[in-house]
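Heads up: the structure comes next, in C-alpha cells.
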Amino acid sequence: MREYLGSEIRNIAVVGHGGSGKTSLVDALAFVSGTSKRHGSIGEGSSLTDTAPEELERGYSINLGCAHAEWMDSKINLLDTPGFLDFQGDAIAGLAAADGALCVIAATSGVEVGTERMFREAVTRGDPVLFVVTMMDKEHADFDAIYQQVKTRLTNKVIPIEVPVGQGVDFHGIVNLFDKKAHVYSRGAKSGAYEETDVPSEVQPQFDRYYNELIETIAATDDTLLERYLNGESITRDEAIAAMKDAMKRMELFPLFCVSSTHNYGTRAVLSTIIELMPNAYEMEEIHAFKGAEGDHTVEIHADDDAPFAAIVFKTQSEPHVGDVSVFRVLSGSVRNGDELYNATRDVAEKLNHLAIVQGRDRIEVPRLHAGDIGCVAKLRNTHTNDTLSTRAHPVRLPQIAFPEPLVQMAIHPTNRADEEKLQSGLHRLHDEDPAFETHWNPETHETLVTGLGERHLEVALAKLKRKFGVTAELSKPRIAYRETIRAKAEGQGKHKKQSGGRGQFGDCWVRIAPTPRGDGIKFEDRIVGGSIPSKFIPAVEKGIQEAAERGVLAGFPLVDFRVELFDGSYHTVDSNEMSFKMAGIQAFKTVAPKCRPVLLEPLDEVEIVTPEESLGDVLGDLSSRRGHILGTEAPDDIVGTRVRAVVPQSELHLYASALQSMTHGRASFRRQFRGYEEMPSEAAQRVVEEAAKAQAEHTH
C-alpha cells in the first residue's frame, strides 16, 4: 500500500442507530474499493469490522471498528461506530478521531434515537455530515418518506443528491442529480458495477423536482451563484460541488444518498462523494493543544508533515497473545516505524515498533504514517486512551475526548473468591479499553462497583472479563451507604471490669452525647476535672467511642454528627490501662446512644433530566413515585426539550437510566451527582432496619 499525505486522506466516522446498516456499509465500501478481498455479512459473522466474539454472538457492533478504502487516488479511513447507546463511548471516540460523518439511516426503520443523538453530536463538533439511506433493497423501503423524516426530525437543510431507480426488491439503480445520469446495476453482480444511462422516464418527475430543489438550495448558500441562478444562467457541476462542500463545512447543507450494501448498489457513488465533498485531513481547522507536560500555555496543531509530531490515542484494544493495541490519529508531523516518542500525559518515553494501519481484524505494517492518518501500535509501556504522543523536543497534550458519564451502577464480585486480584486487574484493563466503563471500591459498603452506560454495557463487560482475563463474575444491586445520627441528648456510664487472677482490667467513664448540625462529624470534649481519669487514658475513651460509632445502633451503619462530653469516671492504680478505657468508651456509647433517639440518614442525589415535552408528565410522575423532590423545570434555548431538576434518594435510583429510556423511548438524558444525607422517612427506615437485622441473623447462623 502506498503512503498517503494529509491532502489525500479522509477520516470518516460512520454513525447512526443500532441495526441501521453501518457495519454492512463499511464492509461494502472497503470491498468495492478493493482494499477488502471478501464481501462479508453480519448474518454469517464475516463482516470486516465486527470481529470480537461478543459482537459475533449478539449480531451488533460493540467496539469501534477501523477499516480503510482506497479510491480516486485517496485513502478513506472508515471508523465503524456502535449504534446502541450502551456503547456510545466508542461512537464518541470515532467522531473525535474523524473529520466528517456518514449518518446511516435504514430505509425500513427511518430516523431513530441513535440517529438523532449521533447527528447532534457530529453537528456540535462542527463535522460535515452525509446522510446515507441503507437497505433500499428491503421490503417497505421508502426513500421519499425517509427524506421527509430527516427534514422534520433532524434538519431542514438536508438535500437529496440521488434519486433511487425502483424501491424495495425492485431497487436496481440510482440517478445522480449532479451528473444527470442513471447508474443501472446488473442484477446479481456483487461488484457494484453499473451501466450509465439517461434518466429513466419513470423517475423523470422525481428527478426534476429534486434537481430544481438542489440547485436552488446550493445557490442560496452563495451570493454569486444565487445572482446567476436568478438570472436564469446555468451552474456547472464543478461550481455546484465546490459550493456544496463550503456549505457543508458551515453546516448549511447535508446531502442525502441511497444504497444497498448487500448488492453494493450505490456504494461507488458514496466513495466518490466522500472524496469530492468531505474535507481532507489537511483542510481541517487547527487544534489548540497544551504545550509541555505542565501545559501552561497553548500551541496550534495543524495537519502538516513538517510540523512537530503530535497524535492522540482514541482507542485501546486488549488482545490475547498481543497485549494492548493503541489506535491513534496523527494530528501533525509524521512518524516512522521504530521512532521513539514521548507521552506528555504520563511523562514516559515510548518506542513505536510494528507501526501499522488497521483493516478490520488485520493490522498491516507500514514504514511511515503522515499527518492526518490513523494507525496503531502494540505493546506501548504506559500509554492509554486519551493520551497524547509527541516528542521530547516539542511535548504537547491534546484536548481530551469527553466520554459520556456512566449512568448504571452495579456491585461486582468474582464467583470464586480466589479470583479477587484477577478481577481488579481485568476491570482496570476494561476501563483502559472503554473509558465510559468505570470501576471503584466503596469503603463504606465494602464492595467493588462498576458503572457503565446501560445494563447491556455491563453484561458485555462481564463477557469480556471471562473471555480475556479468565474471571467469572456476578453483578448485584449495590448496597446503599446509609448513616445514622441522633436527635436528642442523653448521658450515662460505661464501665469495663474484668478480674481473672493476677492483674485485672478496669475502666470507668461517664459521657454526655448530643446531636450537632449535619456534616459536623464527631466532636469529643474532655471535661474531666480533678484527675478522676488520668489524662493518658482519655484518648483511649475517644477511640472506643469512635470505634463503636462506626457500627451504629439501629442497623449497623456509621453514626455521625454528634458531640461527646467526657465529664467523670474512675480508675484503678494497678488494673487500669488504655485497653480498659477504650472498652469503657465502647460500653458508654452502647449505653447512651440508643437513648438519644437515633434515626437513619439516607444519601440523596441531585438529578438533572432533559426530556422531550411529550414525556414530561411521565417523568415527573415517576420521580414522585421514587420519593423525589422536584426542584424545578425549565425549557432553555440551548436544548431541545425540558430540563427537570430533582433530589432523589439513591436507593430509589437503581437502574433509573433503563427506566428513563423506556418511558421516553430513549430520547431523554440524565446526569446525577451526590447531594448529601437527609433523615429517612420512618416507614422506609423501618424496612432498612428489618433487612439489616435479617442479614445479621443469617450471617450469625
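Applying the condition of being under 16 Å from Trp510 (Cβ atoms) and assigned to a helix (DSSP H, G or I) to segment 542-581 and asking which residue is nearest to the chain's Cα centre (by Cα) yields Ala548. Here Ala289 passes the criteria (1) closer than 25 Å to Met135 by Cβ; (2) among the aliphatic types (A, V, I, L, M); (3) in a strand (DSSP E or B) except the one numbered (1). Lys466 meets all of the listed conditions (1) touching a residue at least 40 places away in the same chain (Cβ under 8 Å); (2) surrounded by fewer than 18 Cβ atoms within 10 Å (Cβ to Cβ); (3) charged (D, E, K, R) but one, namely (1). Every listed requirement among (1) over 28 Å from Glu438 (Cα atoms); (2) modelled with pLDDT under 95 is met by Thr124 save one, (1). I need the full set of residues from segment 670-693 which are hydrophobic (A, V, I, L, M, F, W, C) and out of contact with any Asp or Glu (no Cβ under 9 Å at 6 or more places or on another chain), in order please. Scanning segment 670-693 gives Val689, Ala692, Ala693.
Evaluation of Met278 against the conditions (1) on the phi > 0 side of the Ramachandran plot; (2) aliphatic (A, V, I, L, M); (3) modelled with pLDDT of 95 or more shows that the sole unmet condition is (1).
Close Cβ contacts (under 8 Å, 6 or more residues apart or on different chains) running from residues in segment 18-42 that are within 26 Å of Phe119 (Cα to Cα) and assigned by TED's automatic domain parsing to the domain that holds Tyr60 to residues that are of a type in the set (Asp, Glu) and part of a helix (DSSP H, G or I) comprise Ser41/Asp27. Among the candidates Leu449, Leu423, which residue alone is assigned to a strand (DSSP E or B), touching a strand residue (DSSP E or B) at 6+ places or on another chain (Cβ under 7 Å) and of a type in the set (A, V, I, L, M)? When all the criteria are applied, what remains is Leu449.
Close Cβ contacts (under 9 Å, 6 or more residues apart or on different chains) running from residues in segment 500-512 that are without any contact (Cβ under 8 Å) to a residue 12 or more places away in the chain to residues that are of a type in the set (A, V, I, L, M, F, W, C) are absent. Applying the criterion of at least 2 residues that are crowded, with 23+ Cβ neighbours inside 10 Å and more than 25 Å from the chain's Cα centre (by Cα) to the strands (runs of 3 or more DSSP E) found wholly in segment 24-136 leaves 74-80, 129-134.
The set of residues in segment 392-439 being closer than 30 Å to Leu341 by Cα and basic (Lys, Arg) consists of Arg392, Arg397, Arg429.
Is it the case, given these coordinates, that His440 is touching a residue at least 12 places away in the same chain (Cβ under 8 Å), assigned to a strand (DSSP E or B), not assigned by TED's automatic domain parsing to the domain that holds Gln317 and not aliphatic (A, V, I, L, M)? No, not satisfied.
The rows are residues; the columns are (1) among the aliphatic types (A, V, I, L, M); (2) assigned by TED's automatic domain parsing to the domain that holds Tyr265; (3) out of contact with any helix residue (DSSP H, G or I) (no Cβ under 7 Å at 6 or more places or on another chain); (4) under 16 Å from Thr273 (Cβ atoms).
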{"residue": "Leu154", "(1), (2), (3), (4)": "yes, yes, no, no"}
{"residue": "Gln167", "(1), (2), (3), (4)": "no, yes, no, no"}
{"residue": "Val203", "(1), (2), (3), (4)": "yes, yes, yes, no"}
{"residue": "Thr221", "(1), (2), (3), (4)": "no, yes, no, no"}
{"residue": "Glu233", "(1), (2), (3), (4)": "no, yes, yes, no"}
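Scanning segment 324-341 for residues that are within 19 Å of Cys66 (Cα to Cα) and either crowded, with 22+ Cβ neighbours inside 10 Å or outside the structural domain of Asp306 (by TED's automatic domain parsing) (or both) turns up Ser326, Val327, Phe328, Arg329, Val330, Leu331. Go through segment 303-332 and give me each residue that's outside any strand (DSSP E or B), without any contact (Cβ under 8 Å) to a residue 40 or more places away in the chain and of a type outside the set (Asp, Glu). The one that is outside any strand (DSSP E or B), without any contact (Cβ under 8 Å) to a residue 40 or more places away in the chain and of a type outside the set (Asp, Glu): His321. Taking the criterion of being surrounded by fewer than 20 Cβ atoms within 10 Å (Cβ to Cβ) and within 15 Å of Gln587 (Cβ to Cβ), the residues of segment 551-570 that qualify are Arg551, Val553, Asp568, Ser570. Of the residues making up segment 490-517, those that are of a type outside the set (Gly, Ala, Ser), in contact with a Ser or Thr (Cβ under 8 Å, 6 or more places away or on another chain) and more than 18 Å from Glu578 (Cβ to Cβ) number 2.
Here's the yes/no breakdown for (1) farther than 25 Å from Pro558 by Cβ; (2) of a type outside the set (Ser, Thr, Tyr); (3) surrounded by 17 or more Cβ atoms within 10 Å (Cβ to Cβ):
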| site | (1), (2), (3) |
| --- | --- |
| Ser625 | yes, no, no |
| His629 | no, yes, no |
| Ala635 | yes, yes, no |
| Thr642 | yes, no, yes |
| Ala684 | no, yes, no |
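Have a look at Lys582, Lys590 and point out the one that is more than 30 Å from Met118 (Cα to Cα) and either without any contact (Cβ under 8 Å) to a residue 12 or more places away in the chain or buried (at least 17 other Cβ atoms within 10 Å of the Cβ) (or both). Don't jump to the end; show me each part of the working.
Numbers: Lys590 fails: either without any contact (Cβ under 8 Å) to a residue 12 or more places away in the chain or buried (at least 17 other Cβ atoms within 10 Å of the Cβ) (or both).
Among Lys582, Lys590, only Lys582 is more than 30 Å from Met118 (Cα to Cα) and either without any contact (Cβ under 8 Å) to a residue 12 or more places away in the chain or buried (at least 17 other Cβ atoms within 10 Å of the Cβ) (or both).
For segment 513-541, a residue qualifies if it is under 41 Å from the mean Cα position of the chain (by Cα) and either in a strand (DSSP E or B) or farther than 27 Å from Ala692 by Cα (or both), and exactly one does: Ile522.
Here's the yes/no breakdown for (1) in contact (Cβ under 8 Å) with a residue 24 or more places away in the chain; (2) closer than 22 Å to Val104 by Cβ; (3) surrounded by 15 or more Cβ atoms within 10 Å (Cβ to Cβ):
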residue: Glu162; (1), (2), (3): yes, yes, yes
residue: Gly166; (1), (2), (3): no, yes, yes
residue: Phe171; (1), (2), (3): yes, yes, yes
residue: Asp208; (1), (2), (3): no, no, no
residue: Asn212; (1), (2), (3): no, no, no
residue: Asn231; (1), (2), (3): no, no, no
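Once segment 164-203 is narrowed to residues that are within 19 Å of Ala28 (Cα to Cα) and of a type in the set (Val, Ile, Thr), the residue that is modelled with the lowest pLDDT is Val169. Just the residues that are farther than 21 Å from Gln661 by Cα and part of a helix (DSSP H, G or I), please, taken from segment 452-489. Passing the criteria: Leu462, Ala463, Lys464, Leu465, Lys466, Arg467, Lys468, Phe469.
The values are calculated or read from the model by the stated rules, or taken from the named source; none is laboratory data. Because the structure is a prediction, the values reported are computed rather than measured. Neighbour counts run over all protein chains shown; Cβ positions are idealised from the backbone, glycine included.
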